[in-house]
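Here is the structure we will look at.
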Amino acid sequence: MAPPIKLKQSSNSTAQTLTSTTSSQDARLLVRETLRISANLASAPAPATAPADPPSSGVSVSSRKLRIGLEDEFVESSLRLICCEEIDGRKWKYVAENDGFGKFKKNSFRSVSLQSPQAPVEELMSFVRSYVVPEGFPDSVIPSYVPYMTWRALKHFFGGAMGVFTTKTLLSSVGVSKNTAIPGAVAINWILKDGAGRVGKMLFARQGKKFDCDLKQLRFAGDLLMELGAGVELATATVPHLFLPLACAANVAKNVAAVTSTSTRTPIYKAFAKGENIGDVTAKGECVGNLADLLGTGLSIMISKRNPSLVTTFALLSCGYVFSSYQEVKSVVLHTLNRARFSVAVESFLKTGRVPSLQEGNSRENIFTLPWLKERPIVLGPRFKDAFQDPSAYLAIEPLFEKERYIVTYNPTKDKVYALFKDQAKPDDILKAAFHAHVLLHFINSSNRRPYSSSKQQKNENSNYLLSANYLEAHIAESCKMVSSLYGSFKSKTAEQGWRMSDSLLNPGRARLVLNS
């Protein structure tokens, strides 16, 4: 029976009476309609039902369908699902073939994509977004970023278009030639040279994150490119018929150097600013740079009047420039731990039990390592197929990291330590994984014999393989114990020295493991 309808009392008696009357009529109509529908349903024939499924202990039909869809692929098959991986929303699964005796066949490890390939238009848009918007857009920027960049792009469009006419006019005004064809050709060559430099600047801007992670290395590399561009420009005097290709190459190098200088300028000034005075520090630093540039220009004008040797002058000035650049970069003291400084801190901690000071850690940082080179002994956030070439190696060490949000391993064929992150990994887990990777590398380097060193020289490859795998597993197990006891002490001593640890400056890969439960 339906519950009685309660009417809200009103101070107005007339309104209360009308409301009560209307509600009573509506209630009677509702009852009659309910009785009519119930009678129709009772007289209708029962629908044919499908055979009932057996009880499934609380598992829903959709869940059963999902499970069957995932497992049917491996029914009556020797393939075994090892692990799933996700990178930026795209998923892969890794499978291996079983030989029937509880072991995996060699070279049977492969990855299978779990989604259909993107349409060409989507791939093109993804490629364009990687160049024109920052990582994490739009959440990584404030809302005013979009209109600002829109008007900025429009402004540069008109400026670039106007540059074509102004360059041609200036060359004609100087009196390059009275022939109408030659000024146009010279202007086109000059514009192509500048255009090539702008393209190089745009392409190199994609390295944006590395300007934060490897600031000193990129700053010094940019200064080297600047000198290289200057040398190529001077070479055009000896081969004037190759002016356009040489000038384009030189302008690309110099524009790339300009991007590097501009992108690394603010973090360097920020490191020098002691309070909220970064604007003042930046203004004064730029003033000093411009003053020195003016003095150098005046000196070079005086020297050029004596017609000195071009090669000798360039060699002396370049040596002074490169040496000054090196000393400039080395004098910067940064408080954050990137990969290079993190390696210095961990190695010092493992050998001496102490973390180096800010001055010592920065002075020991290697600035000659190019950040885009992949020849590093430790890889953070790699693909699963790069870290493990055999599923047995993964299954052997997986229990050691059951309580961790990462997995650290060593691939002897590539002689690298890999730190893989699980899908629920947090910033502190990434820092701990990096510390663990350095500890494992320390064990391997200090070991009397290297894993797999004699595997190819033994006749019984299978037994030697198991021996080497057990040896590596023992190293990893020992490193797990050492990390659990030392990581907290490392963090506290790092903070005492004034260092700031950030997972983003370690620049880990975006691959995440979705482990089988």
Members of the stretch 482-517 found to be under 17 Å from ALA345 (Cα atoms), outside any helix (DSSP H, G or I) and open to solvent by less than 50 Å² (accessible area, probe 1.4 Å), listed by number: GLY498, TRP499, SER502, ASP503
In the stretch 225-244, the residues that are modelled with pLDDT of 85 or more and either part of a loop (DSSP other than H, G, I, E, B) or open to solvent by 40 Å² or more (accessible area, probe 1.4 Å) (or both): LEU225, MET226, LEU228
Residue count, the stretch 371-390 (criterion: more than 20 Å from ALA345 (Cα to Cα) and modelled with pLDDT under 85): 6
Residues of the stretch 447-481 satisfying the condition of being in a helix (DSSP H, G or I), open to solvent by less than 50 Å² (accessible area, probe 1.4 Å) and at pLDDT below 80: ASN464, SER468, ALA469
Positions within the stretch 306-339 being basic (Lys, Arg) and either open to solvent by 60 Å² or more (accessible area, probe 1.4 Å) or over 30 Å from LEU505 (Cα atoms) (or both), in sequence order: ARG306
Listing of helices (runs of 4 or more DSSP H) fully contained in the stretch 337-446 that carry 1 or more residues being touching an Asp or Glu at 6+ places or on another chain (Cβ under 7 Å): 339-352, 384-387, 391-397, 427-446
Residues being under 28 Å from GLN424 (Cβ atoms) and either at pLDDT 80 or above or hydroxyl-bearing (Ser, Thr, Tyr) (or both) - total across the stretch 114-136: 3
Test: residue in the stretch 250-267 that is touching a helix residue (DSSP H, G or I) at 6+ places or on another chain (Cβ under 7 Å), within 25 Å of GLN359 (Cα to Cα) and in contact (Cβ under 8 Å) with a residue 60 or more places away in the chain: yes
Count of the stretch 248-305 residues which are open to solvent by 50 Å² or more (accessible area, probe 1.4 Å) and of a type in the set (S, T, N, Q): 7
Hits in the stretch 100-113 (condition: exposed (fewer than 15 other Cβ atoms within 10 Å of the Cβ) and modelled with pLDDT of 75 or more): LYS103, LYS105, LYS106, ASN107, ARG110, VAL112, SER113
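The values are calculated or read from the model by the stated rules, or taken from the named source; none is laboratory data. Since the structure is predicted, the reported quantities are computational estimates derived from the model, not experimental observations. Cβ sites come from the backbone with ideal geometry, for glycine too, and all protein chains shown count toward neighbours. For accessibility, only protein heavy atoms count, side chains too; no ligands or nucleic acids. Shrake-Rupley method; radii C 1.70, N 1.55, O 1.52, S 1.80 Å.
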